[in-house]
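To keep things clear, I will list the structure first and then write my remarks on it.
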Amino acid sequence: MNLLLYGAPGSGKGTQANMLRTHFGITHVATGDMLRAEIQAGTPLGRQAQPILAAGQYVSDDIMIAMIRNRLRQPDCARGFIMDGFPRTVPQAKALDSLMHTLGRPLDRVIYLKVETDELLRRLSGRLVCPLCQRTYPPATAKCEADGGALVQREDDKAEAVKPRIEVYLHKTVPVLDHYRGAGLVSEIDGRGTIEEISRQVLAAVASPLVGNGKVVSPLAGRSAAKPGGGEDHPGTTTPKAQKA
Ligand code: AP5
Ligand code: MG
């Protein structure tokens with residue numbers, strides 16, 4: 001199974017990817033985690049990427065496409081993967097289409113975690129991460145449940161980087177959703193609710209057949225099914241409150 005998690009910064013991609021990895025036993029491919037590992041290791045790519053991530057901007061398409069081409073050819077991706085953070089631009093989406101075609105492994109589903117901007121800002125301002133394994137946790141979590149490590153704030157969760165991240169998402173990544181809606185692959189999940197509630201909806205969406213242009217047939221899809229032909233309000237299309245000042 002090849003799944004793609006799509007959503008704004010803080011929408012819960014990493015959180016739900018961890019759940020899916022445990023549930024299906026498939027590989028989690030997270031480009032943000034890969035870049036942070038390069039930064040931590042002090043590689044030339046890490047040194048190049050560090051100021052870009054800290055400013056909330058995107059690393060170039062050429063670099064990211066090469067990274068994913070290499071990653072998806074690794075043996076641990078052969079049984080399937082959960083992609084998190086890629087593609088973030090239409091050229092990246094087209095490159096992924098072509099790569100999946102070459103590998104003979106189609107993308108099965110795009111799960112869109114739809115969360116309003118105020119909630120994204122709230123989640124990102126309090127989020128904690130484990131620097132060892134990159135798992136993310138809600139505010140006030142004491143330590144990493146996987147390795148007991150002390151948790152820290154991500155550099156790009158500081159206030160000055162969060163707004164640019166959401167702006168660049170709206171400008172460059174929202175069109176990626178239309179790319180996949182056109183291919184009829186999108187299951188839309190209303191991201192309000194507890195992590196456990198969202199996980200149940202994600203699993204139900206993955207198990208549901210897609211019908212027509214991305215419309216999901218699911219017992220839980222009543223309030224979350226994609227509107228045929230698109231036309232939804234994307235997160236942040238209204239000016240975030242924090243930006244009005
Ligand atoms: P990346 O690491 O992918 O960051 P992101 O997309 O900004 O997303 P986040 O990891 O911040 O959020 P998430 O959706 O994973 O949410 P999470 O589960 O943690 O990328 C970082 C940077 O790398 C980019 O800005 C860019 O510079 C670069 N980059 C990466 N890929 C690139 C690419 N393809 N092209 C170019 N550049 C690239 O949840 C957030 C918080 O909310 C957590 O505390 C969590 O516990 C909590 N939470 C989750 N679900 C819920 C819920 N239902 N209710 C309450 N709280 C919840
Ligand atoms: Mg993440």
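The values are calculated or read from the model by the stated rules, or taken from the named source; none is laboratory data. The structure displayed is predicted, hence computed values, not measured ones. Glycine gets a Cβ as well: all are built from the backbone with ideal geometry, and neighbour counts include every protein chain shown. SASA here: full protein model, heavy atoms, side chains in, ligands and nucleic acids out. Shrake-Rupley method; radii C 1.70, N 1.55, O 1.52, S 1.80 Å.
Considering only residues of the range 29-51 that are away from ligand 2 (no atom under 16 Å from the Cβ) and in a helix (DSSP H, G or I), which is least open to solvent (accessible area, probe 1.4 Å)? Reasoning before the result, please.
First, pick out the residues of the range 29-51 that are away from ligand 2 (no atom under 16 Å from the Cβ): 41-48, 50-51.
From the residues that got through so far, the ones that are in a helix (DSSP H, G or I) too are 41, 44-48, 50-51.
On the way: Ala41: 74, Pro44: 95, Leu45: 41, Gly46: 2, Arg47: 153, Gln48: 106, Gln50: 64, Pro51: 70 Å².
Checking each candidate, the answer is Gly46.
Quick check: anything in the range 80-99 over 18 Å from the mean Cα position of the chain (by Cα), modelled with pLDDT under 95 and away from ligand 2 (no atom under 16 Å from the Cβ)? Spell out the reasoning first.
At the first step, the residues of the range 80-99 found to be over 18 Å from the mean Cα position of the chain (by Cα) are 98-99.
Now restrict to residues that are modelled with pLDDT under 95: none.
No - not one qualifying residue is present in the range 80-99.
For the range 3-25, filtered to residues that are within 21 Å of Ile65 (Cα to Cα) and touching a strand residue (DSSP E or B) at 6+ places or on another chain (Cβ under 6 Å), the residue that is farthest from ligand 1 (Cβ to nearest atom) is Leu3.
Quick check: anything in the range 1-24 more than 18 Å from the chain's Cα centre (by Cα) and either modelled with pLDDT of 95 or more or within 15 Å of ligand 2 (Cβ to nearest atom) (or both)?
Going through the range 1-24, the residues more than 18 Å from the chain's Cα centre (by Cα) turn out to be none.
Among the residues of the range 1-24, not one is more than 18 Å from the chain's Cα centre (by Cα) and either modelled with pLDDT of 95 or more or within 15 Å of ligand 2 (Cβ to nearest atom) (or both), which makes the answer no.
In this structure, does Leu96 turn out to be open to solvent by less than 40 Å² (accessible area, probe 1.4 Å), within 13 Å of ligand 1 (Cβ to nearest atom), out of contact with any Leu (no Cβ under 7 Å at 6 or more places or on another chain) and of a type in the set (A, V, I, L, M)? Step through it out loud before you land on a result.
Values: open to solvent by less than 40 Å² (accessible area, probe 1.4 Å): yes; within 13 Å of ligand 1 (Cβ to nearest atom): yes; out of contact with any Leu (no Cβ under 7 Å at 6 or more places or on another chain): yes; of a type in the set (A, V, I, L, M): yes.
Yes, satisfied.
Of all residues in the range 77-95, those satisfying the criterion of being part of a helix (DSSP H, G or I) and more than 18 Å from Leu20 (Cβ to Cβ) are Val90, Pro91, Gln92, Ala93, Lys94, Ala95.
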